[in-house]
Every structure is written in structure tokens, then in C-alpha cells.
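Read the structure below first, then the notes.
The values are calculated or read from the model by the stated rules, or taken from the named source; none is laboratory data. These figures come from a predicted structure and were not determined experimentally. Please note: Cβ atoms are built from the backbone with ideal geometry, for glycine as well, and neighbour counts cover all protein chains shown. Accessible surface is based on the protein model in full, side chains and every heavy atom, while ligands, DNA and RNA are left aside. Shrake-Rupley method; radii C 1.70, N 1.55, O 1.52, S 1.80 Å.
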Amino acid sequence: MERRSRLQLSRLPDITAMKQQQLPAYQLHFSATMVFSIFFASGVFCLFMGIFLILSAKSIQKVEINYTKTCGNCAKLREDAFNHNKICTCSIPFVLAKSMEGNVFMYYKLYGFYQNLYRYILSRSNSQLLSKDLKAVEDCAPFKVSHKEIPFAPCGAIANSMFNDTIILSYNLNSSIHIQVPMLKTGITWWTDKYVKFKNPGANNLTDKFAGTTKPPYWPKPIYELDPDDPENNGFLNDDFIVWMRTAAFPTFKKLYRRLHRIHYFIEGLPAGNYSFNITYNFPVTKFQGEKSVVLSTLTWSGGSSLFLGLAYTVTGAMTWLASFAMLAIHFMLKQRKASTSKWQSKALKGQSRK
Amino acid sequence: NNTIKTSKYNAFNFLPLNLFEQFQRLANAYFLILLFLQLIPQISSLPWYTTVIPLVVVLSITGVKDAIDDMKRHQNDNQVNNRSVLRLVKGRMEEDKWMNVQVGDIIKLENDQPVTVSTLGCGFFLVAWVGTRDSDSASAAVLVKQAITCTSDMKDNLDLLSAFDGEVSCELPNNKLHRFTGILSYKGKDYFLDHDKLLLRGCVIRNTDWCYGLVIYTGPDTKLMQNSGKYTFKQTHVDRLMNILVLWIFLFLIVMCLMLAIGHGIWENKIGYYFQIFLPWENYVSSSFVSSLFIFWSYFIVLNTMVPISLYVSVELIRLGNSYYINWDQKMFYAPKNTPAQARTTTLNEELGQVKYVFSDKTGTLTQNIMIFHKCSINGTLYGDVIDKTGEKVAVSEKDKIDFAYNKLADPKFSFYDKTLVEAVTKGDPWVHLFFLSLSLCHTVMSEEKVEGELVYQAQSPDEGALVTAARNFGFVFRSRTSETITVVEMGETRVYQLLAILDFNNVRKRMSVIVRTPENRVMLFCKGADTIICELLHPACISLCDVTLEHLDDFASEGLRTLMVAYRELDNKFFRTWSVKHGEACLSLDNREKKLSIVYEEVEKDLMLLGATAIEDKLQDGVPETVMTLSKAKIKIWVLTGDKQETAVNIAYSCNIFEDEMDEVFTVKGKDSETVRQELRKARSKMKPDSLLDSDPVNIFLAKKHKALFTMPEEVPNGSYGLVINGYSLAHALEGDVELELLRVACMCKGVICCRMTPLQKAQVVELVKRYKKVVTLAIGDGANDVSMIKAAHIGVGISGQEGMQAMLNSDFAFSQFYYLQRLILVHGRWSYNRMCKFLSYFFYKNFAFTLVHFWYAFFNGFSAQTVYDNWFITCYNLIYTSLPVLGMSLFDQDVNDTWSLCFPELYEPGQLNLYFNKKEFMKCLIHGIYSSLVLFFIPMGAVYNSERSDGKEISDYQSFSLIVQTSLIWVVTTQIALKITYWTVISHFFIWGSLGIYFCLLFLLYSDGLCQMFPNVFQFPGVARNTLNQPQMWLSIVLIVVLCMLPVIGYQFLKPLFWPVSVDKILKRIHYCMKHPLPPPIRPRRRRPGLRRSAYAFSHQHGFGALITSGKTVKSKALKKNSFPAKK
């Protein structure tokens, strides 16, 4: 009998919670209390966070010197491409009123330089930079090969436009003694860039390894002669080159150039006093209405000097609080009105019944 | 050849054909074009794989779905094609497959065998009558088919049959079920063939041991296949809306591209021109204008994700899932018939949540088409109620059923509860005996007795069957008949009555009579018919009895029972003989035969002696009144479209709550020409809404303005609750010209509408009428072939399955076996599907806007150079992997309230009808929300990294880190957004949501890993970004801020919306949430219906009975030849 009934119900759907849409579940429903607590809590959090961020951003010390105009003659010289062999230097003195304590970083900053153009970003050969194939230049338009059809190494618009000013910071103890502030040019790149993304074709004798390629058109020296002082810092593994190749997201950007070597006078950072930047001016910016400056800065836990996050948090927190109070007011007003109407209704009813 | 092919593909043509079909869809074609654009290097701004991978996935999902569907069709085809049949080959019957049958073959059909070709039942069959349980009639009744005489003489002589060399010329294959003309030329003579001679594909042979047939039409030529037609593709409102929105998005996209192209032109002119020292223009770019032309297309490619590629495939998957829920729903499984509900179309689910009009068939849909002998009044005594000692009616239970054990031939399924009637029978009350005797004689039922003592009645109308069965159980067993005799077992004693005449039923007479000679040689006339008719024919002597009986009839009527009066008359031999001659003459007369016959009939059908009245319950299906109530609470209007008579239809309308006694008025339209119909309709309208006849009425002004154009009829509110009854003849006029608008206005104001005596075509016309002028979703529900047209015409067709006829079910979109499942289908599944679809759509559009528009803002900072914000791999995976599962999970599992609540508060259904949850306004909200989110998503990270650096002084403001911050924030934002949208957090939702976030981070580390980059340095360009950026405070600080900024406004809006713009649903939802905390849902109190006084319908099928056939004598041979038939006694 049982078997028979089972046979008859052969098409009975499975009774599983899933198929019957009865999975146990938590019903999410925002009650008024929940909404207000979310609002007030996030308001408190944002305000607190914002003030904290502003305070830490304020602790940063920063010096920025724009040398586009200051080195005007050099800029003019560079506008003419035929003068590329002429060396132009320029010295910019400045006074550090307060000592910069801790680690000090030196950046160069470009204004209006579009490192984020679609064709610019594409114009590089990752295979070449990995030394997988030095002649792989297909992606590098418009700087693939020289007019003699020799591939550039490194090829592409990014590499070709590499920033090539030399900036030296000197500390002027008095009018006659100028001490060159010791700066480190290592440890300024991402570890992954230096050890994963970029590789030299070989450890030594780079000249031979790069045979069959030529230097990019705007470069004064080939890739294996970028740093005459440190043979390790040459080829694709040159730190300045790697930093440049990490293209910036916005047309105004800052790139790490050197960091302070904390020895001797500078063990605590940069002491207050007279300084000067000695700049070998090579990189033309006036042609495209760009500007450049050099920046000295200290850092905090949240990194750079931007006040934006702190301000955004503070404003958000404040707005949230305002909104929560407004909502609270609306909520209670409506509640009261409802109560009063129902009271009024009940009164009216009573009145009727009295009649 | 008889092969049926419903499948579309085979193994070879599947790929090209399916791809071709898929690319006919606009969205797929768009992405194909996009792909080609991407291959043009000058404008390509995204690598090819960002489009190809999603497109391939989308195409293959749809392809797999199509393949599975087609596989099922192949299986069905094979099953039908390989059924075996007996075919006459070279003088022998050979078993063969159905698909090998060809036109001109002679085949043998056996009892209960389905026919799959249109056979000319040119039947060399000897059996006198072939009943075909035709799928065509609503009542699944038996139709009589007869072979022409010249061929029926061949009997089953195979030699004769093989030698048969007749020639049939007939009309071309067509889809008219009730028409066939042809001519058989055989041995120099022409025989006329009509549809009575034709056995159609799809019918089943009954009561016939065998028959031979000549195959006329095969395969696709058969009437059934011609009728089923091509499946008309039904598109839902949401589909149409989606297409419009995609078009809007497309236009929006073009506008954006234009703006960006202009911006690019200006930028190139002002800055880019000078920046050429570092990035010279391509040689084909001569000016900034040319460059901006290219950029237009580049941005067209970058912003393509505005039109979401996976939208259509996701919608399909969601609908498929929600259809499976219908198939799986155990509460829609009908155990007695072992039939689960079936979603035959998987593309209409959300439309179920928007139904406003339900068109229902009556017989077999609202009613079970089971007639039950419920009560009777015999000689002034009422039987049928169980009354206790105090005289109160008692509710009956199954165990009170009377045991008919004393009668060996009783039907065990028959149930009756009043013991007094049995006592009267056993005591031998002569009136009661005569009453049942008349019931057992006066009918046209056929009996079949395959096993001794097990009688099976074949009745053309179930009413008759019920009456004869009642008589059988009380001891007057109709056992068999021949053309001249009726054998009745009277209280165990077999008596043979000589059948002298059958005065058959027709619509005008509304009665039928038989004249029999009893074994005692008395000539008796027994008559049954409508009370109004019989009363006038009664002998004056029984006026007082008539009054009592009429009182009883009123009682019956108030319970919604179908009634008949039964009377008899004893004729003296002489009178009968003279009448018989007249009758014979009238029968033979050629012209005006009908009229002459009825005059002759009237001569004998007078001075009748009243015996009593019967009351038959037209049994409603389970839960019909409750379902109708629930549906009308959900503001769904129910129209009954039936082929049945007005009286029965109205009766059923009352008993299933479509009409209520408290209604202000029920209008009946019965005009015979269009002017009268118009007047009647106007009169009704003036009562319902007097203002609407004035010229100043807004609807009239509206109609005057939009003359003859397609428009949407505005909703009108009547001043009370009304009903409308209209019959087929009047409807034909009402559907003409501009009367149809009048009809529509009146009908749509009524609470319930009954259309009776409808042809299948008219049913469809009514549905079309509402569809055309009202922008609402219509649903048609029916069980018979006559409902097919309406089922096909309506937005949603629902078939009641489990009855014999499969036609309706085969053409329906949803099928189940009980009417009351409709409320679950609509209010639970439909509502959920609609809510889910709306949530899905608004979220889906939002997530793509938020995703894509970021590129737009970035353009202002990168010289409009078509640089994307995100990594290419992120663009590829965003819709496909990172965000697909949570939204699918939501649209498959979310439920705002569970099924119990949805049924408790049918009012929750209203937003669907008004299309509140997703419309153009909601879409604009999504767009605005998307724009806001994209602004936050772009500018907060920008502010955070602009001129900023890491705490160790290294890079963070580079392009790749910025990408990572934006895309990670985006993932967090869309995920929290969907977490807010989900109201029903199941394990699966948790799994999908957290899983998606997990997958994002896993894939991130995989795609940005050192190994992949070193293998394919040009494809995976982001090595180490995840490692270097994900540990930075800027990153997480921006993500938190972005999430807060994106979520708080949404929560606030959700909180304030019901306060400022309350909708009726909000209140109910609030109540439900309150009730959920304090459990126990309020019990649904079924309202007791107070029976009102209505004159009920008489019970009769409106077709001609078998009378003519029985008396024609065709049955004689068969009965004599049938081996196991009951021996006829002369």
C-alpha cells in the first residue's frame, strides 16, 4: 500500500528548504532606532577620524620651490632642441626656518605633465624592460626604432620623456662653507618594481648586452650609463628610471628623487639654516606650459601631506550629524502629528458618542 | 510522412543556427559590433578580451540553455514518432512506427488508442458508434463519429480492405477543427464526407473495439498541428521597458561620447598640441578635430559597459530559477492526480506579479465538471438534507454516507446522506419508484459493461450521468440499451422496456421525453426539463403539488444547485398509435423537419403528471470562492468567459463569489443588434457613473481627443459594486466598431463580468480588447481546447491540467491542476518574481552606471584620451565574476515577506499592478544614484592620492595604485549596496556576498602576481600593485569614507521615503514587521455567504443528445456482435 502511494506521487517535488523557498534566513529590516544609531555612529566615527587625520597632516613639514621661472634662462635655452648639449645649471637658495626632523624626502614635482594619456601609458614594452627580448618594441609607438631602424632601449614615450634634471641640496653653514647634504638614491622604488618588473639583460658588461639597441632620442646618454657613480644602478634597474616608469595618475604629480642619508649633521633630519638647490636644468617644461618644482618633506603614519582625507572625513561627519538631527526631528514631528490626529479622532468619536 | 518535428536544431546546425539567432538579439549584436570596433587599432581603447570573454560566456550560457530545451523537444518527438501502429500492408496488418505512416495508408485503431494522424474514419468500422473523447470540447465529452455506409460494409475483411481503391479528394490542410469537406469516389460513385467522418489527431477512441481508417493528413498537415500554430513569442512589460531603457542608455552613451570628444578636441588644441614633444600625434591625425573623431569611438568602446552585457542573460537565468520554484512548489502539487505545477514558459515570471485581469473559463476551471445528485423533491417531499431531531440541518460527514450494499449494481463512488429516501425506496413508495424509474429511462446515456456488474455510463452531459447514476444506486439500474429496448434492473428484477420514441432535447424545448412500453404493455411518456417549461405542460390536477415543488426548487436554487423537473404521462394505445404515425411522417419530411417534429412533440408532451424535481450540484473546484475573494482583495478583476448557458454561468458566478448578493446591480446585456447593445451599455454606465455620460467627463474628453488612435483607456471608478452579464450574440455586436469602447468602459467598472455562450474566437477577442486599450497584464486560465485561443491571446496563459484534454495545457505558459493554485502562483510566486526582478534591474543598472561613469570623470584629468580608470582585467571580470553572484542570489532567494503573509495580505500585490517598483522614474533614480556614486568613487580616491605618498615616501599617486583604490572601493560599494537591498539573508546570500568579495581579493593577487607578469608581461601589467597598495592607510581610509558616503544617503532615503511619500503597501509591511516580532498571523476568516434567492439554471447539455443515433438503429449490430456485451433481450 505504501509503495503504491509512493508510486502514485512519483512527481511530488522534493521537500527541501531550498526548493520550497523556506531557507532559514535573517530578515533585514531597518527600524528607526537602527537607522539613527547607524547615522550617529558613523557621524562620530567620521568626525573623530577627520580631526585625527587633519592633526597628523599638520605635523608634516614641507618645502616646495618652483624653479620653472627662477631658472628662466635655462628654461629658455631648453626650448630650443639644438641646445641640448649645452649644460645649464641654476642655484636656488632658501632658508629653512625650522628644522625638519626625522626622515626627509626630496621630490621633483611636475605640473601639467600628462603621464596618464592613453597612448602615453601604452607606449612601453614590458618584455623589453624584463630583458626577455630587447628588440620587442611593437607596443612602443611612437618611439619604437631610430631612423636607422635600430630599436630603442628603453623604447616608448614614457622612457623617452624621462625626467633628467639633477638636483643637489647643499647646506650653507655660512657664506663660505657649503656642505652637500648626503642623499640616498636607493630604496626609492617599490620592491616589486625593482626585482620583478625590471631586469637587466645581464649582471655586468651592460654595454655589450645592450648592443644592437640605441638610446632614446631625448636621452643624452644610453641606458647603461645612467649612473656613472654606481655600476649597479645602471640599465633598466636604475632607480630614477624605475620611478619615472611608474606613470602618475594625474597630470600634476610628485616623484621621489632622493631621501636624506641621516649621518653627521643630518642625523636628526635637516637642521634649520640656509640651503640651496643646485640644479642641472635639462628637462624642458615651458614648451607645453608645464612647471616643475622641488619638494622637501617629512612624512607621518598616513603618508604624504594631503589634508584632503582629513577634511573629507570631518565634513562627512558633520553632515551626517546634521542629517541625523534633521531626520530625528522629522521622525518625531510625524509621530506627534500622528498621535495628535489619532487623539483628535478619538476625541471626535467621543464627541459623537456623547451626542 | 508522419514525422513530427518540433525541435529546432540538430548536432550539426546547432552552432551556426544558434549563434545566428543569438546575434539577432539587439544586445548581442551590439557587443559584436563593439568587438569589431575594438579590433580597429586606431580607436581601440580596450583590449579585445574585455569584450570577448563576457560575450563568450553570455553566448555559451544561452546556448547551453537552448540546447537543453531542444534536447527535450527531440525526446518528445522521438516518443511520438516511434509509437507503434497497425498498418495494412499487402493484405496483412503489420506493426509499424507512427512516423512511417503515409497518406493513403489504411491503419487499424483500437480502443483507447490516441490518433496521431488525421484519419478519415472512413472507417471500415463495424462498430456503430465511435466515441472520441475529443480534446476539443470543454467537457471532454464523447463525440460521435460514424463511418460512411459504403465502407462500413467491408467490416474487418482484410482482403476487401486491401482491394479498396477509392479516391478521396478533400480540402487543403487547414486549422478548422469543425469543418471538413471531401468526396470519396469509390466504384464509380461519389460519397460526400464531412467532419463527422473524420478522426482528428489528438483524440482517443472510446467504446469502439477497433476501426480502420484511411490516412488523410499526416504530420504537420493534421488539424491539430495546424491549430497549434507557431508559438507566439510573448514579451513581458519588463522586457519592453528594458529594451526602451537600453535604448535610452545608448543615447546617453552617445551624448557622453560626444561631450568627451568635444572636450578632447579642445584639450588637444590647447595642451596636447604642445605636448607633442613628448607624445607626437599619430601620422593619421592631422588636427585636433580628427583626433576627437577617433576619440569619440574610443570612448564609445570605453563606456560600453553602460549597456550591461550580462543583463539579458542574467534576466533569463533569474526567470529560469523562479520558474523552477513553481515546478518545485509542493503546495501546488496535486496529489490525487500526481501533477505538480509546471512553468512551461520560463520568460514570463515577473509578469505574474502584475496581473490585473483574470479571464477564466468556467467548466473544468472554476467547476470540476462533476455533477452530483444532491437533493430531490418527490411528490412534494424534500429529500437530501440530513436533519436532526430538532429539525436543524446537520453538517454531513463522510461516515454518514449511505451504504448501498443492498444493490449489487450500485456505483461505489456515489454518495448520498439522507436515509429517509432510501427508506422510502425500500418501503416501496410508488411515487419514489416511478420517479427513479423515469430517471433511469428518460435519458440518452450509453452503458458499457466490460466486466459483469461493473457498469460504466457514457453520457454526453455530466448532468444526465449524475441522474442516471442516482437512479442506479437507489435501485433502478439502467443496464443496457438497443435501438428498441432499454433494460433496467428494477430493485434486482430485470425488466425490458420497449423504447418507442425519444423526443430529444434542444435549446428551445428545454426538455426531453421518452415514450416506452412497459413489460405490462402500458405506454408511458417520461419527461424531464426546465421548471419554467414543465410547469406549463402539467395537468391541472397537480397544481398544488407544483407549488410545493416550486418552493423546493427555490430552496435548491438558493444553494446554487442545478434543477430539473420530472414528469410522466400515461398514454393510451390508440392515441399513441395515431401520434406515432404523425411522428413517423414528420421524421421523414425533408423540409422544416425540426419545426414539424417539435409540433408533433408538443402534441404528446402535455397534461403531464408531476413526479418531482432533481437538484444537481455543479461541483466547484476546491477553494474556488476563497481564491476569488483573495484575488479580488488583491484588486484583480475576474471575468468569466464561458461557452456555457447564461443561467449556469451566473449561478456559478454567485457561488464562487464573483457576483455577490450585496452587489448594487447586475446588468444583463442581451441586445440582438449593435444599437440595442449600445443603449443597454450606456444605460448601465449611467447607473454606475452618471457623470460619465456628460461631455465634460475627463474620459470623454480624452476619447474625443484621441480618436481612433491606439491609446490607453484611463481607469474609471464606479459609485458602487456592479456586475455585468453579456452573452455571445450581444457580444458579437459589442465587439464591433466603437461599441467595443463602450463595452470596455462598462465592463472595466464592474466588479465581475460574465460572458456566456462564447465561441473560442470571442474569448480571444475579449482578451485582446482589454489588452489593446488597457495597459495592464491579463491572465487567461482554462482547461479545454476552446480556451486555447484565449490562453494564447492573454499575456499569461494558464492551463488546468489533469483533465483529459491536454490542448489547453500544451498551449499554456503555466499549468497546474487546481484553480486555487492560481492565488499561490500570482500572489506568491508572481509577486516574488516581480519584486526580485525589479530589485535586480534597479541594482544592475546602478552597478553599471557607478562602474562606468568613473571613466567620464577621469576624462577631465587625462586629456580626454580614453584612458580607463580600471585595469583591463577588472573590466573583464566586473560583471561576470565580481558582482554577478550576489545579485543572482538576491534575485533568486530574496523575499520581503514570506508566502503566508503574501496570502494573508493580498493588498501587497498592488505595487506590481501599478508597476511601482521598476519604471522609468525608478530608472532615473538608479541613474542619479549611479552618477552620485561614481562621483564619490572617483573624487575621494583622487583627493586621497593626489600629491600624496606612502608613509615610506614611495609612490602611491601612480595610475596603477589609483586604479586599484577605485576598483576596490567600487567592489565594496556595490557589495554593501546589495547587502542593503537584500532583505532575506540566507546562508546562500552570505556565501555569495562574502564569497564574491573573497574572490575579488583572491583574483586580485592572482592577476597581479609576479609569476603571471613575468610570463605575459604585456597582458598582466599590474604586478605588485596589490601588495604595495593594499597595506596603505590611504587606501582603506578612502574605502571607508566612500562606503559611508554612498550608503548613508541610501539608508536615509529608505527611511524617509515612507514618511514623506507613503504608499499603501508601506503600512501593511509595517504591520507585518510588527506581527513578525509578535508572532501569530491573524487567522483568515472566511466570510459566511448568505444564500440569496435566485432562480437556478436547469441542467442540460446544450448540445443535441444521442437520441437520433440511438433510434437510428446503428447500435444493434454492434451490441449483437460484441462478445462481452450484455445479452440483449427482446
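Residues in region A:306-316 that are at the interface with chain B (Cβ under 9 Å from one of its Cβ atoms) and of a type outside the set (A, V, I, L, M, F, W, C): A:Ser306, A:Tyr313, A:Thr316.
When the criteria are applied in full, A:Asn278 fails the requirement of being outside any helix (DSSP H, G or I), modelled with pLDDT under 90 and at negative phi.
Inside region B:758-784, residues that are crowded, with 20+ Cβ neighbours inside 10 Å and among the basic types (Lys, Arg) make up a count of 1. Test B:Val57 against the criterion of being under 30 Å from B:Glu167 (Cα atoms) and either open to solvent by 70 Å² or more (accessible area, probe 1.4 Å) or not assigned by the TED database to the domain that holds B:Leu198 (or both), and give yes or no. Criteria not met by B:Val57.
Quick one: what pairs do we get from region B:689-700, first residue over 18 Å from B:Phe667 (Cβ atoms), second open to solvent by 80 Å² or more (accessible area, probe 1.4 Å) and not hydroxyl-bearing (Ser, Thr, Tyr), C-beta under 7 Å, 6+ apart or different chains? So the pair list comes out as B:Asp697/B:Asp691. Only residues that are closer than 15 Å to B:Val56 by Cα, open to solvent by 30 Å² or more (accessible area, probe 1.4 Å) and at pLDDT below 85 were counted in region B:24-42, giving 1. For region B:648-681, the candidate set comprises residues that are within 22 Å of B:Leu631 (Cα to Cα) and among the small types (Gly, Ala, Ser); within that set, the residue that is farthest from the chain's Cα centre (by Cα) is B:Ser655. If the condition is being touching a Ser or Thr at 6+ places or on another chain (Cβ under 7 Å) and not in a loop (DSSP other than H, G, I, E, B), then region A:128-143 contributes A:Asp139, A:Cys140. Restricting the search to helices (runs of 4 or more DSSP H) fully inside region B:756-859 and requiring at least 1 residues that are modelled with pLDDT under 90 gives B:760-773, B:788-793, B:807-811. Confirm whether B:Tyr909 is at pLDDT 90 or above, more than 14 Å from every other protein chain (Cβ to nearest Cβ), more than 24 Å from the chain's Cα centre (by Cα) and surrounded by 23 or more Cβ atoms within 10 Å (Cβ to Cβ). It is false that B:Tyr909 is at pLDDT 90 or above, more than 14 Å from every other protein chain (Cβ to nearest Cβ), more than 24 Å from the chain's Cα centre (by Cα) and surrounded by 23 or more Cβ atoms within 10 Å (Cβ to Cβ).
If you go through region A:64-77 one residue at a time, do you hit one that is within 30 Å of B:Asn338 (Cα to Cα) and part of a loop (DSSP other than H, G, I, E, B)? There is no residue in region A:64-77 that is within 30 Å of B:Asn338 (Cα to Cα) and part of a loop (DSSP other than H, G, I, E, B). Please tell me if B:Val58 is at pLDDT 80 or above and hydrophobic (A, V, I, L, M, F, W, C). Taking the combined requirement at face value, the residue satisfies it. Restricting attention to region B:527-562, the residues that are more than 20 Å from B:Leu503 (Cα to Cα), out of contact with any Cys (no Cβ under 8 Å at 6 or more places or on another chain) and of a type outside the set (A, V, I, L, M) add up to 14.
Total residues in region B:298-341 satisfying the condition of being touching a His at 6+ places or on another chain (Cβ under 7 Å) and among the aliphatic types (A, V, I, L, M): the figure is 3. The set of residues from region B:982-1018 being facing another protein chain (nearest Cβ under 9 Å) and either in contact (Cβ under 8 Å) with a residue 60 or more places away in the chain or basic (Lys, Arg) (or both) comprises B:Ile982, B:Thr983, B:Tyr984, B:Thr986, B:Ile988, B:Ser989. In the condition set (1) part of a loop (DSSP other than H, G, I, E, B); (2) touching a strand residue (DSSP E or B) at 6+ places or on another chain (Cβ under 8 Å), B:Tyr324 is compliant with all but (1).
The set of residues in region A:180-189 being exposed (fewer than 15 other Cβ atoms within 10 Å of the Cβ) and either within 20 Å of the chain's Cα centre (by Cα) or within 9 Å of chain B (Cβ to nearest Cβ) (or both) consists of A:Thr186, A:Gly187.
Within this structure, A:Thr192 passes the test of being within 13 Å of chain B (Cβ to nearest Cβ) and β-branched (Val, Ile, Thr).
Only residues that are modelled with pLDDT of 85 or more, surrounded by 14 or more Cβ atoms within 10 Å (Cβ to Cβ) and farther than 12 Å from A:Ser324 by Cβ were counted in region A:21-46, giving 5.
Each row is one residue, and each column tells you yes or no for (1) open to solvent by less than 20 Å² (accessible area, probe 1.4 Å); (2) under 22 Å from the mean Cα position of the chain (by Cα); (3) away from chain A (no Cβ under 14 Å).
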site: B:Tyr274; (1), (2), (3): no, no, no
site: B:Ser291; (1), (2), (3): yes, no, no
site: B:Met306; (1), (2), (3): yes, no, yes
site: B:Ile326; (1), (2), (3): yes, yes, no
site: B:Gln330; (1), (2), (3): no, yes, no
site: B:Thr345; (1), (2), (3): yes, yes, yes
site: B:Leu348; (1), (2), (3): yes, yes, yes
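Across region B:256-274, the number of residues qualifying as assigned to a helix (DSSP H, G or I), free of Cβ contacts under 8 Å to residues at least 40 places away in the same chain and either within 18 Å of A:Gln289 (Cβ to Cβ) or not hydrophobic (A, V, I, L, M, F, W, C) (or both) comes to 5. Any idea which residue in region A:93-130 is farthest from B:Glu955 (Cα to Cα), counting only those that are surrounded by 18 or more Cβ atoms within 10 Å (Cβ to Cβ) and more than 10 Å from every other protein chain (Cβ to nearest Cβ)? Among those that are surrounded by 18 or more Cβ atoms within 10 Å (Cβ to Cβ) and more than 10 Å from every other protein chain (Cβ to nearest Cβ), it is A:Met100.
Scan region B:948-969 for residues that are in a helix (DSSP H, G or I) and either in contact with a helix residue (DSSP H, G or I) (Cβ under 7 Å, 6 or more places away or on another chain) or facing chain A (nearest Cβ under 7 Å) (or both) and the total you get is 10. Counting only helices (runs of 4 or more DSSP H) wholly contained in region B:1021-1099, the ones carrying 1 or more residues that are modelled with pLDDT of 60 or more and under 32 Å from the mean Cα position of the chain (by Cα) occupy B:1064-1077.
Inclusion of B:Leu935 among residues that are in a helix (DSSP H, G or I), more than 9 Å from chain A (Cβ to nearest Cβ), open to solvent by 10 Å² or more (accessible area, probe 1.4 Å) and not β-branched (Val, Ile, Thr) is warranted.
Look at (1) among the β-branched types (Val, Ile, Thr); (2) part of a helix (DSSP H, G or I); (3) within 14 Å of chain B (Cβ to nearest Cβ) and you find that A:Ile267 fails only one, number (3). Screening region A:216-243 for residues that are in a helix (DSSP H, G or I) and out of contact with any helix residue (DSSP H, G or I) (no Cβ under 7 Å at 6 or more places or on another chain) and picking the one that is most open to solvent (accessible area, probe 1.4 Å) gives A:Glu232.
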